[in-house]
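The values are calculated or read from the model by the stated rules, or taken from the named source; none is laboratory data. Keep in mind that this is a model prediction, so the values were computed, not measured. Neighbour counts are summed over all protein chains in view; Cβ atoms, including those assigned to glycine, are modelled from backbone coordinates with ideal geometry.
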Amino acid sequence: MDYIKYLSRSIRLAIGIVLLSGYGLVFYGSPKANAEQIKEKNVSFKWAFGAMVGGESGPRVVSITRSATLKTGDKLKILLQPQTSCHVYLIYHSADDELLRLFPYQFNRIAQDFKPSEKYYIPQGRQWFELDEKVGKETFYLLASSERLDHLEALLSRYEAAEFPKKGEAVREILSEIRNLRKRNKKFTATAERPISIGGSMRGISREKQTGFPEIDALAVEVSATNFYYRTYTIDHQ
């Protein structure tokens, strides 16, 4: 997908390789799930949402769990790694009331592109999203289902093909469908999230990256749910 073409004015790509030296890695852990419960879940994937932020102590990578306050110039990157044959959707809603489908990359290649245990980065490769000077509320909608969400896909495709005057109406339809999906699947909202074990121990402390490109894999949690999962991430872009 051509992110540069479709990305809104509020968020843009930081192109190229970003080399870091001495970047701090901060992780905020989630409750450990019962192993027996996880086995019953048919929606399961590893997830990391990282922000590269600046400050007096120097740039560092932090995990975004629900909401965050970020500034112009801060960068964002996401990791998605399915553990089951579920269907995951990530939709960005800008402060300018524009939408962008971040995942799946293409609807017509879901079967070929979306494979269990494969790592998917958003944006792809070594690119990062970068917040520009357009401030406001930035929202990311994450949905996962044991079945394809055909109506949501159709609405997103219609929005992407619509002329500018009709974009606003299409945005309202998509946001309404997201709310309806959440209501219809309310009984499946009980989910489990747990930090991933590294080297035989659970993470939950700051880590230093001595050299090289920043990796958000270390921020990953394992998400497990029955039939449906939903979460909203809100960024106060200042």
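Test of understanding: among 63, 85, which residue is at pLDDT 50 or above and surrounded by fewer than 21 Cβ atoms within 10 Å (Cβ to Cβ)?
Answer to the selection: 85.
Criterion first (at pLDDT below 95, in contact with a strand residue (DSSP E or B) (Cβ under 6 Å, 6 or more places away or on another chain) and either within 29 Å of residue 127 (Cβ to Cβ) or surrounded by fewer than 19 Cβ atoms within 10 Å (Cβ to Cβ) (or both)) does residue 235 satisfy it? Spelling it out, it is not the case that residue 235 is at pLDDT below 95, in contact with a strand residue (DSSP E or B) (Cβ under 6 Å, 6 or more places away or on another chain) and either within 29 Å of residue 127 (Cβ to Cβ) or surrounded by fewer than 19 Cβ atoms within 10 Å (Cβ to Cβ) (or both).
Against the condition touching a Pro at 6+ places or on another chain (Cβ under 8 Å), within 23 Å of residue 178 (Cβ to Cβ), in a loop (DSSP other than H, G, I, E, B) and of a type in the set (S, T, N, Q), how does residue 85 come out, does it pass?
Taking the combined requirement at face value, the residue satisfies it.
Filter segment 130-150 for residues that are at pLDDT below 95 and hydrophobic (A, V, I, L, M, F, W, C); which is surrounded by the most Cβ atoms within 10 Å (Cβ to Cβ)? If we take residues in segment 130-150 being at pLDDT below 95 and hydrophobic (A, V, I, L, M, F, W, C), then 131 is surrounded by the most Cβ atoms within 10 Å (Cβ to Cβ). Report yes if some residue within segment 99-120 is modelled with pLDDT of 95 or more, closer than 20 Å to residue 50 by Cβ, buried (at least 16 other Cβ atoms within 10 Å of the Cβ) and in contact with a Cys (Cβ under 6 Å, 6 or more places away or on another chain); otherwise report no. No, segment 99-120 has no match at all.
Annotation note: Cβ proximity below 7 Å between a residue of segment 169-180 that is closer than 11 Å to residue 152 by Cβ and a residue that is part of a helix (DSSP H, G or I) (sequence gap 6+ or interchain) occurs for 173/155; 174/155; 174/156; 174/159; 177/151; 177/152; 177/155.
Name the residue that is surrounded by the most Cβ atoms within 10 Å (Cβ to Cβ), counting only residues in segment 151-184 that are aliphatic (A, V, I, L, M) and over 19 Å from residue 233 (Cβ atoms). Restricting to residues being aliphatic (A, V, I, L, M) and over 19 Å from residue 233 (Cβ atoms), the top hit is 155.
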